[in-house]
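Okay, so here's the structure we're looking at.
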């Protein structure tokens, strides 16, 4: 897997991704402390609205950003957005009002909505061999999971020496270093053979999704992934602290179980995908994730819910989560010509976050209003809807070639 790092361009981009992720993780910790410092007991409301702003910006702005990026050199686009993110991070320590948090979060996430899909679309243009690209996808998944485990520990260590506002300067350094690494390499810049109007460029990714059976199935699997992972991301703290009545140390353990499952799948997938097509692998991952969510309700009904069984369920969800998400880039890469990949990756970015925009509040509302069993069953049923739709929309293992739409 690490062999792909011999490619200098990819190595620099991978370094940029790692550093930026660490900076983002520090900002997440610092933002929660900043919200509490300003809003006190109302901090959860502030953070909830900030998360909603993040998701709305992702859903609405990613296709627009992809349309704008088509007319600009890719390297300049990525560097410019990194510098915008660095500038926002530099401003965050000086926030004194709640509304300032909302404005800066919107600016930060708007830049990320333009940066992330364009960055993801660049990798298959650099690593043209499928095996290399598969390894890069697994390496990227591992990076995300490791960041979620390492950053809280790093933040805790730094907070013993500095105030929380100083963490934002770590975020600034991360984004600025990312910009330096991106500007240090030459990036491919494929362009369409004929000019397209702004509306066509904005909607092109969605049109491609609707035209390709593989991608229609991926749209449905996005719903399953969002349903199962929302239970982990939104409700873990309530289950650990409120239902199981465990101490603060329980939350990192259950989140680590989820991350460990995800990392294990990411490590195994390059070898598995050499022998199996994407469809059975992704459907198997979806099945494992859904059944692991269902197991939570079964444990609860049998009176077996504990820290250990919760970790087991979260581990299974993590296994399936990575099993669906990691091969996604392979589907997008094979479904479009190089000049259409930014639009396609932006469409996937939008559609996947649109699902989370629904399942995040739904997950919290079901648990708060109807209890753990209702939340588990409700999200399981919603995930099954996505799974059945994927079976119907993506009916065989054949690989769809690039689609050229006028």
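The values are calculated or read from the model by the stated rules, or taken from the named source; none is laboratory data. Quantities reported herein were computed from a predicted structural model and do not represent experimental measurements. Note that each Cβ is placed from the backbone with ideal geometry, even for glycine, and that neighbours are counted across all protein chains shown.
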Exactly one of (1) more than 22 Å from residue 255 (Cβ to Cβ); (2) in contact (Cβ under 8 Å) with a residue 40 or more places away in the chain; (3) not in a helix (DSSP H, G or I) is unmet by residue 305. Its number? (1)
Taking into account only those residues within region 381-395 that are touching a helix residue (DSSP H, G or I) at 6+ places or on another chain (Cβ under 6 Å) and part of a helix (DSSP H, G or I), which is modelled with the lowest pLDDT? 393
Among the candidates 35, 62, residue that is in a helix (DSSP H, G or I), over 21 Å from residue 140 (Cα atoms) and not assigned by TED's automatic domain parsing to the domain that holds residue 342: 35
Among the listed residues 59, 79, identify the single one that is surrounded by 18 or more Cβ atoms within 10 Å (Cβ to Cβ) and under 20 Å from the mean Cα position of the chain (by Cα). 59
Does residue 165 satisfy the condition of being in a helix (DSSP H, G or I), within 18 Å of the chain's Cα centre (by Cα) and more than 28 Å from residue 73 (Cβ to Cβ)? no
Answer from 364, 378, 371 - the residue that is assigned by TED's automatic domain parsing to the domain that holds residue 242, modelled with pLDDT of 90 or more and over 17 Å from the mean Cα position of the chain (by Cα): 378
Lone qualifier among 342, 338 - being at pLDDT below 85, surrounded by 24 or more Cβ atoms within 10 Å (Cβ to Cβ) and in contact with a helix residue (DSSP H, G or I) (Cβ under 8 Å, 6 or more places away or on another chain): 342
Failed criterion for residue 107 (all others in (1) free of Cβ contacts under 8 Å to residues at least 40 places away in the same chain; (2) closer than 17 Å to residue 187 by Cα hold): (2)
Out of 81, 72, 61, which single residue is free of Cβ contacts under 8 Å to residues at least 24 places away in the same chain and under 22 Å from residue 349 (Cα atoms)? 72
